[in-house]
Structure formats: structure tokens, C-alpha cells
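Please read the structure below before turning to the comments.
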Amino acid sequence: MTISSPAPAHRRVAAQAAFETRAILRNGEQLLVTIVMPVLLLVGLVRTSVVGLDTGGVDRVDFVTPGILALACVTTSFTSQAIATAFDRRNGVLRLLSTTPLGRGGLLAGKVLGVLAVQGVQVAVIGVVALALGWQPELSGVVPAIGLGLAGTAAFTALALLLAGTLRAEGVLAVANLVLVLLVVGGGLIVPPAELPGPLAPLATFLPSGALGEGLRGALLGTGVPPLSVVVLLAWAAALGVGARRLFRWH
């Protein structure tokens, strides 16, 4: 009797990443949150007059699209991952997978790659719709925008794992959706922090959502990426990464 050896690490991670990607794209509820909602919000904000949204003389579609891309990053790396990971944790899936040749590191790598794959689909869909609406991004800002997106993904994925490893699955479901709504309304994703009322303005500036939104607007509008946005995103990613590593448990 021969015992087959496990597949190479990169193949195991790739298989897990493909599974994670399919799980998100085949889930109707997650598809609604990750792709349909951002697209509808993009069309709605561009085609309708929103009171209080000061674009500073910039075409509405050029001003709104970076914020929608930031929202797409949050829906996939935070909301979807927090909910899916919390229920996998409750059902014992994470503990089971961590004992296989995939291991915890491979499982985490598969999740991150799955998130990035879904984000690629999001960017493609949102980009096509935005271009059809007349979007003209600053091409020199594409590379910085990708870097900001990766930093935002790191920060919000770490926050998702921290949340999923701390609360019960039902609690994560409620909190993750509530946080998403709050970030859309007052987190600096769609509306720049400077335009938010009262204490929300300085608060949103130092939230990862506000930093990501401001950074993408600066990059894709050609006005320059605010250095503070980069510092804030990296600081959140580092802090949340430490917290998630300490608090998250596969049981």
C-alpha cells in the first residue's frame, strides 16, 4: 500500500484560493453586497443630484468612482470575510482545515488570494460601468491606487479576522453589516472626510475607510495621494494584524 504525498504548498494554496473565490461569487447574498450594491450606488450617485456632495468642480463620475472602488474593497475584504470566517469557525471548518497539509498559513494565504481575485472581478465590473458613464481616471495614478488597495485589503482583512475570532457568528453578521453601513454614511468612503459634519470629519480622516477613500480619490483624480492616508492605512494594517493574530482561534 502506497501513501501519496501531499501536493506542493503552492498548489494547495491555489486550490484553497479558488475555493474561496467561488464561494463568494456563487453566494447570492455576498454577490449582492460585493458587486451589485457598489454598481447600483455608482449609477445612482452619478445619475442623480445628491445634495451636499461637493465634487469641487470635478465631473461627478470622476469624483464618485474612486469612493465606489474603496467601498468594493471594504465589502470583500471586511464584510464578506468576517461573516464567512465566523460561520466557518463556528462549524469547525477552520479547525479541520488547519490540521490538513494546507495548515493555518496556507488557509490564510488562500483567503487573502481569494479576496484579491474577487476584488479583481469587482474592479473590472465597476471600471466598465464607470467608463460607460464617462469616467476618465488619471492613468498615472493607477499604480498608486493598486498599492493603496492592497494596503486597504490588508487592514480590512485583519479587522475581519479579528472580528470573526472575537464574537459569535450571529454577532459578527450583525456587526459587520452595521459597520459597513456606518462606513458608507460617515466613514469617508464616498463623502470625503472634510465634507462630513462635526466630529465625523477628523474621525474619518484617521479611519482606514477615510484613508482609503481619500487616497484613491487623490490617485485617480491626479491631485496626489495624501501622505497621511498612506500612514493611516499602514498603521491600521499593522495594528489589526497583531490583534487578529493574538485573538483569532481556529475553534
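Readers should treat all values here as calculations from the given coordinates under stated rules, not as data from a laboratory. Just so you know, these numbers come straight off a predicted model, no measurement behind them. No Cβ is skipped: glycine too gets one built from the backbone with ideal geometry, and neighbour counts run over all protein chains shown.
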Problem - the range 110-251: radius of gyration over Cα atoms, expressed as a fraction of 2.2 N^0.38 Å - result: 1.09
Handout entry: By average C-beta atoms within 10 angstrom, highest first, the peptides 229-241, 57-69
Key = 57-69, 229-241
Problem - Among 74-85, 104-115, the order from most to least packed when residues are scored by Cβ within 10 Å on average - result: 74-85, 104-115
Problem - Among Gly224, Trp135, Ala238 the positive-end extreme of the charge dipole of the chain (Cβ point charges) - result: Ala238
Practice task
Please identify the helices of the chain, taking whole runs of DSSP H, that span at least 18 Å along their own axis as judged from the Cα atoms and have a mean Kyte-Doolittle score of -1.0 or higher.
Solution key: 9-25, 60-74, 103-132, 142-164, 169-186, 208-221, 227-247
Handout entry: Alpha carbon convex hull of the range 44-181, volume per residue in cubic angstrom
Key = 123
Exercise for the section: Rounded to the nearest 500, what is the 222 nm mean residue ellipticity of the chain from helices alone, with -39500 (n - 2.57) per DSSP H run of 4+ residues and division by all residues? Expected result: -22500 deg cm²/dmol
Problem - For the range 31-117, size of Cβ-based charge dipole, Lys and Arg +1, Asp and Glu -1, in debye - result: 500
